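Heads up, the thing below is written out as C-alpha cells.
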Amino acid sequence: MSTEIPVTYRQGVRKTLRAVIDLLAIIAGLVAVVNLFRLGQFSPAFIVTTLLLVALSILPAIFLRKSKYLALSGGLTVAGLVVTNFFSMTHLGLGAAAILAFPFYMALCAAMFSRKLTLLLLGALGCAIALIAYLFVTGVLVSPDPKVAEWNRAVGNWVVLLVALMATNLLIITLVSNLSRYWKETQNEATDKSQQFETLVDYAPDAIVIYDIEKNHFILANARAAEFFGYDRDKLVRGLTLVELSPEKQPSGEESATLAQQRLQAALNGENPIFHWRHLKASGEEIDCEISLTRMPPFRQKLIRANIADISKRLADQKQREDLQSQLAASQRLETIGQLTGGVAHDFNNLLAVILGNLELLQEEPDTKKRQDYIASCIGATMRGADLTRSMLSYARRTPLQPEVLDLNKLVLETKNWAGRTLPSHIEVETSLLARLWNVEVDPGLAESALLNLILNARDAMTDSGKLTIETSNVRIDHTYQDSRNEVLKPGRYVMIAVSDTGDGIDAEILDNIFDPFFTTKSSGEGSGLGLSMVLGFMRQSEGTAQVYSEPGVGTTFKLYFPAMAPDPRKAPAHSATAEAATLQGKRILLAEDEEEVLLVLKSILEKAGYSVTTAASGDEAKEIFEVDQEFDLLLTDIVMPGQLKGTALATALRAINPDLPVVFMSGYAAEATVHGNGLRPEDIRLMKPIMRSDLLAAISKALGTVQSTAQPEP
C-alpha cells in the first residue's frame, strides 16, 4: 500500500544509540585533551591510553556511520572508555571518578547486545575491579595521594564498592534488557498486525482509498483501486482529485463536484452514506459503482475512507433478469389469451342469447306492447355487452369511471328483470330491498356489470335447483374495519348489496384465491377467471370493497359495500336530450365514419332529431366536402379511419379553416376515446361506441349549446 511507514522501535533505538555513541566520542575527545594537560601529574603512560581512546572511541564513531556497524562502533567506543577508566583506577584506586561511569556502560551494552553477553561483560568488569583492588591492598599499586593510598589499602572499602557497583549494574542491565525485550515484542506484534491490515486492505475485492478533504487528494489507495481506475498508484495518490475521477454530471443529472461535497460532508458529520456513483477511468470509460464513506481517525484531520464496488455487472445482470421477466410475462399473457377468450365468449353468449330469444319472439308476436318490451330487452342486452367490454377495459385501467348518483334498489330491480330471462326455471329468484336506501355515486354500467357477474356465478353454483336471493341494506361502520383479506373499510355509511345462493359452496382452501385474476373453478372455455377480480377492482376504485362468505354444502354470499352519499337537493334535474335537440333542429352536421352500417344508423338518428346531415366515409373525404362548403355547425367524427386524416387530424384541419367549429369524437376503443392533445380542446366531447341515441343527442346538443354561449363574434 502507498502510505508513510512510521518510525519503528528498532529505528528509534538505532537513532538513540547513534546519538549516544556520538556523545561518548565527544566525551572521549575531551578526556584525551585533558590527559595531554595532565602528563606532568601522571606518567607518560597516559599517552598510550590517550592513543587507545582516540583509536577505539573517536575514530570508529567518525568512520563507522552505517547502521550495520552500529554495534561494532558502540562496542569499540565503550571498550576505549573502559580501558581509559581502568587506567585511571590503577593510579587513583577508589578515588577514580570514572567508577561512576560503569553503570552507564552496562546500560549501553544491554541496549546494544544480548542479555547474556552483557552479563559476561559485567562479570569481566567485576573481575578487573577485584584484581585492581587486590593490587592496591597488597601494596603493588600505590596512589600518589597519601589519604587516597590509605583508603585504597582497606579491604572493606573495595568490598563495598564492588558489591554496590555489581548490584547497580545488574539492576540497570535487568531494567534495560526487560524494557528492550517488551518493546521489541510490542513492536513485533504491532508490525504483524500492521502487515496483516495492509494485506487485508491491499488484496480486498473492492477499491479502497483514503481521501484528505483539506489537502483535496488521496493519501492512500490499495492495489484494487489502482487497477480499478487504471492509474499507477503513485499517480493516484497525491496526484488526482475526486472530481477528476468523475464525469461532469452523475446519472441523476446533478453536478459531480456539488454532489461529492454533499456526500463527503455527510461522512464528516458522522453519517455512513452509501450511494450509487459513476466514476471515470483513465481510459475515459464511465463505470457504475456503489460507494460507502466513513470518517477515519485521527479526527483532528478530515480523512474519509471510501469503499468502491464495481456494480456494472450487477446492473447488467439485473437488466437481463428484467428482460427475461418481461419475456416471461409476455409468454404468460399469450397463455391467458385462450382463457380470456373462452370466458368473454361465455359472458357474451349469455347476452346474445337474450337478444336472439327476444328477436325470435319479436318475429311472431303481433301484440304491439309486447313487441316494444322485446325491443327494449334487446337494447338492454346490447348495452350490457358494451358495459362488459368497458368492464374489461376498466380492469386493464384503460377507461375511467363515470360515476352517477344511483338508487341501488332500482339498479337491482332492472338487472333482475332483464337478467332473469337467462336464469333456468329450476332457480327461484327472491329480492329483499330496504326502503329508503341511501343513494350512492358510482358508475352505473360497472355496478350493473358487477351485480350481473355475481348473479351468473350464483346460477352456475346451483346445477340442480336452488334459490338466489338479492338484498340491500344500509350499513354504518363506526371504526376502521379490516377483513381476513386485509381489505380495509373506513368508518362511515355504506350501502350493501348481497347476492346469496344455495349452491355447493366454496372450499376453504380456495376461498382466499377467489378474487385473484384468472383464478376459476370452471372448465376451460366457461370462464375467464376475470369476473370476480374485475368486481373487486371496480369496488376498490369506488372506495368500497367486496367480501365473500361460504359454507360447503350450504351456499355462498357475496357482499358489495358502496360508500353512501347524502342526497343533494340543490342538484338541478336533468333535461331531456330530445327536448334540447328540438331547439337545435336545422343545424348542419358533417358526419365522418368509415363503417357504413354505423354511418347509416347515426345519420338516421340525427335526421329524425331534425338535423341536416352530410356524410363522409373518411377524414380525407370530409375535408374535401368542408373545403367546398364551410357552412357546417358541427363535426361528428370517428377517431380511427382509413386515409391520411384520422379524427383528431381532421378536426385540426377543419379548425384551421373555421376556428369556432365544435367537434364530437367517437371511438370503439377506450384509449382513443380519452385521447388528449393533438389540437383537441377541453370542451370537445368524446363518446365511446356503442352510443345510445339519447347520449348522442345530448352530446350534440351540449356541443352546439357550448359554442353558442362561448363563441366570440368575428371582427
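The values are calculated or read from the model by the stated rules, or taken from the named source; none is laboratory data. The structure presented is a predicted model; accordingly, all values stated were derived computationally and were not measured. So basically every Cβ, Gly included, is an ideal-geometry build from the backbone, and we count neighbours across all protein chains shown. Only protein heavy atoms, including side chains, enter the accessible area calculation; ligands, DNA and RNA are left aside. Shrake-Rupley method; radii C 1.70, N 1.55, O 1.52, S 1.80 Å.
Some points to look at:
- Spherically averaged projected area in nm², based on the convex hull that wraps the Cα atoms of the stretch 162-281: 11.5 nm²
- Remark: the GLU624-LEU131 segment gains 163.4 nm on full extension, using 0.36 nm per residue and subtracting the alpha carbon distance.
- Accessible area per residue for the stretch 92-142 is 47 Å², calculated with a 1.4 Å probe on protein heavy atoms, without ligands, DNA or RNA.
- Segment LEU315-LYS410, length gained on full extension (0.36 nm per residue, minus Cα span): 28.5 nm
- Surface share of carbon and sulfur [accessible, 1.4 angstrom probe, percent] for the stretch 146-302: 56 percent
- Solvent exposure ordering (accessible area, 1.4 Å, most first) of ARG224, ARG238: ARG238, ARG224
- Calculated on alpha-carbon atoms, Rg and Dmax of the stretch 150-231 in Å: 27.8, 85
- Using a Förster distance of 22 Å, the FRET efficiency for ALA656-LEU680 (Cβ separation, nearest 0.05): 0.95
- Only Cα sites of the stretch 89-181 enter the Debye sum here, all with the same form factor; the resulting log10 I(q)/I(0) across q = 0.15 1/Å is -0.58, listed in q order.
- Each label point was placed 7 Å from the Cα along the Cα-to-Cβ direction; for ASN188 and GLU596 their separation is 10.7 nm.
- Accessible surface computed residue by residue for the stretch 151-194, with neighbouring protein chains in place and a 1.4 Å probe, gives 64 Å² per residue.
- Estimated FRET transfer efficiency (LEU72, GLU150; beta-carbon r; R0 41 Å; 0.05): 0.45
- Extending 7 Å from the Cα toward the beta-carbon at both LEU200 and GLU428 defines two label points whose distance is 8.3 nm.
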